[in-house]
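The structure is given below, and queries will be raised subsequently.
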Amino acid sequence: MGICLKELGGMVVGRKPIGRPIKTRYIKAEPDIIQFSPRGRPGRPDEVELSMDEYETLRLADYKLTTHNAAGKIMGISRQTFERILKKARNKVADGIVNGKIIRIEGGQVKVG
């Protein structure tokens with residue numbers, strides 16, 4: 001009977017993780033505001049966590065209107081990785097807005113500077 005990698009989160013027990021390690025991403029600065037909360041919703045709403053690198057991709061692509069290739073170079077990652085992070089970030093922000101969730105910005109493997 002073999003080990004099902006999908007059930008173990010893509011890792012084999014007792015061995016190195018499968019796949020490449022996550023590279024450190026570079027961001028210009030940490031955000032001044034780290035949480036957005038919906039108004040007019042009773043009770044404590046659910047939360048969506050946006051990592052610092054996801055925040056930076058949104059800042060560069062949607063606020064600064066930087067091309068994906070240039071933004072990837074700024075962050076020290078490939079264009080494909082930048083686009084993958086951006087897609088994930090946009091999905092999380094849309095989830096927070098559509099479903100009235102708190103959007104919290106924190107975490108991620110980043111270096112400021």
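The values are calculated or read from the model by the stated rules, or taken from the named source; none is laboratory data. Just so it is clear, the model here is predicted, and its values are computed rather than measured. Don't worry about glycine lacking a Cβ; one is built from the backbone with ideal geometry, like all the others, and counts go over all protein chains shown.
Against the definition (modelled with pLDDT of 95 or more and in contact with a strand residue (DSSP E or B) (Cβ under 9 Å, 6 or more places away or on another chain)), how does Ala89 come out, yes or no?
yes
Related question: Could you grab me the full set of residues in the range 71-113 that are of a type in the set (S, T, N, Q) and in contact with a Gly (Cβ under 6 Å, 6 or more places away or on another chain)?
Once the filter is applied, which keeps residues that are of a type in the set (S, T, N, Q) and in contact with a Gly (Cβ under 6 Å, 6 or more places away or on another chain), the range 71-113 yields only Ser78.
If only one of Gly10, Gly14 is loosely packed, with under 10 Cβ neighbours inside 10 Å and at pLDDT below 80, which one is it?
Unique residue meeting the criteria: Gly14.
For (1) out of contact with any Phe, Trp or Tyr (no Cβ under 6 Å at 6 or more places or on another chain); (2) without any contact (Cβ under 8 Å) to a residue 40 or more places away in the chain; (3) of a type in the set (Asp, Glu); (4) surrounded by 14 or more Cβ atoms within 10 Å (Cβ to Cβ), each residue gets a yes or a no:
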| site | (1), (2), (3), (4) |
| --- | --- |
| Gly43 | yes, yes, no, no |
| Ser51 | yes, no, no, yes |
| Thr66 | yes, yes, no, yes |
| Met75 | no, no, no, yes |
| Ile102 | yes, no, no, yes |
